[in-house]
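Peer 1: I have a structure here, written as structure tokens, and I will follow up with some questions on it.
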Amino acid sequence: MYRMKLVSGNVFLACAFLSLLLTLSSCSKVPVTGRKQVNLIPESQLVEMSLTNYGDFLKENPPVSVSGNADAALVQKVGKKISASVEQFLKDHKMGDRVADFKWEFNLVNSETVNAWCMPGGKVVVYSGLLPVTKDEAGLAFVMGHEIGHAVARHGNERMSQALMAQTGAVALDVATQNKPEETRAIFMSAYGAGATVGALLPFSRLHESEADKLGMVFMAMSGYDPAEAPIVWQRMIDLNKGEKPPEIMSTHPADERRINDIKAYLPEAMKYYKP
Ligand SMILES: [Zn+2]
């Protein structure tokens, strides 16, 4: 009897806590897909955290200077085009607040790693090892559009909330940061697909991957790149995954034939945004 009371008491407390959390957190809709989401962590806290972590990452991995380097210049060019069309699109759809705090940066770092990621606040890193796989400007635009898609859709926030609960038992970011700074930093890095540096891996879910593919295709199309390039790039990535050195990006962005088919199925929709 006593035990039952205790259990129901705990359930009651948990429910009360959850409803309080839901009241404090913000409900919103993901641009383009319209999926409803609940962000438990204020996005502004994550943007703030990204400034420190992005800065630390670049200190350890100095970016390639744009002057005199065609690859670094290309990363900047594609990034600027995509961020400009994303900002315009969100403004037109009264969702400009999603990127209001963003201070975009697009850096190329020298590494054989086949990877790219975008932290909240629009802090992008492309590894030079990715470029032979993306091959041309449109291919790069899709992968960068996809990573920017994860950030604009606030997937990191959803992933961060889940991982914080599971690994530190805290839901509030500031509490976790104060009590377990190293763990919290590692969770942050892996929540944004930059986890390889700290050894923690957190693959994006099929839902997040599929959503980022759609956003990536729409974002590249709006920026003047043919979205028909998207399935071709992922196919190259899948082929590479069958070889001796699987690309890093595939461990956080799982891809298979079904994903290619989903991308192809979405192509007519993405073409509606295409401005050649
Ligand atoms: Zn992804």
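The values are calculated or read from the model by the stated rules, or taken from the named source; none is laboratory data. On a predicted model such as this, the values are computed, not experimentally measured, just so you know. Methodologically, a virtual Cβ is constructed for each residue, glycine included, from the backbone with ideal geometry; neighbour enumeration extends over all protein chains shown. Note: accessible area is taken over every heavy atom of the protein model, side chains too, but ligands, DNA and RNA are not part of it. Shrake-Rupley method; radii C 1.70, N 1.55, O 1.52, S 1.80 Å.
Peer 1: Using the Karplus curve 6.51 cos²θ - 1.76 cosθ + 1.60 with θ = phi - 60°, what ³J(HN,Hα) values do you get for each residue of segment 30-37, in whole Hz, with x for Gly and Pro?
Peer 2: Karplus-based 3J(HN,Hα) across segment 30-37 equals 6, x, 6, 8, x, 5, 7, 9 Hz.
Peer 1: Please get the size of the charge dipole for the chain, origin at its Cα centre, with Cβ charges of +1 on Lys and Arg and -1 on Asp and Glu, quoted in debye to the nearest 20. Intermediate results must be reported in sequence, preceding the final value.
Peer 2: Working: 29 positive and 30 negative charges, 157 e Å.
Dipole magnitude for the chain comes out near 760 debye.
Peer 1: Report, please, the projected area of segment 36-271 averaged over directions, based on the convex hull of its C-alpha atoms, in nm². Could the numbers behind the result be given before it?
Peer 2: Numbers: hull surface 48.7 nm².
So the mean shadow area of the Cα hull is 12.2 nm².
Peer 1: Given a 1.4 angstrom probe, I'd like the percentage of the accessible area of segment 36-271 that is carbon and sulfur, rounded to a whole number.
Peer 2: Numbers: 5300 of 9890 Å².
Using a 1.4 Å probe with all protein chains present, segment 36-271 comes out at 54 percent carbon and sulfur.
Peer 1: OK, next. With a probe of 1.4 Å, find how much accessible area the chain has per residue, and write the answer as a whole number in Å². Don't skip to the answer; put the middle values down first.
Peer 2: On the way: 13320 Å² over 276 residues.
Heavy-atom accessible area per residue stands at 48 Å².
Peer 1: Taking each full run of DSSP H in the chain as one helix, which ones are at least 20 Å long along their axis (Cα atoms) and have mean Kyte-Doolittle hydropathy of at least -1.0?
Peer 2: Details: long enough: 2-24 (33 Å, 1.42); 43-60 (25 Å, -0.48); 70-92 (33 Å, -0.02); 137-152 (21 Å, 0.76); 206-222 (24 Å, 0.04); 257-271 (21 Å, -0.77).
Helices meeting the span and hydropathy rule in the chain are 2-24, 43-60, 70-92, 137-152, 206-222, 257-271.
Peer 1: Here's something else I'd like to know. Given Cα positions, please report Rg to Rh for segment 92-200, the hydrodynamic radius being the Kirkwood one. Display every interim value, and only then the final one.
Peer 2: Working: Rg = 15.2 Å, Rh = 15.0 Å.
Rg divided by Rh gives 1.01.
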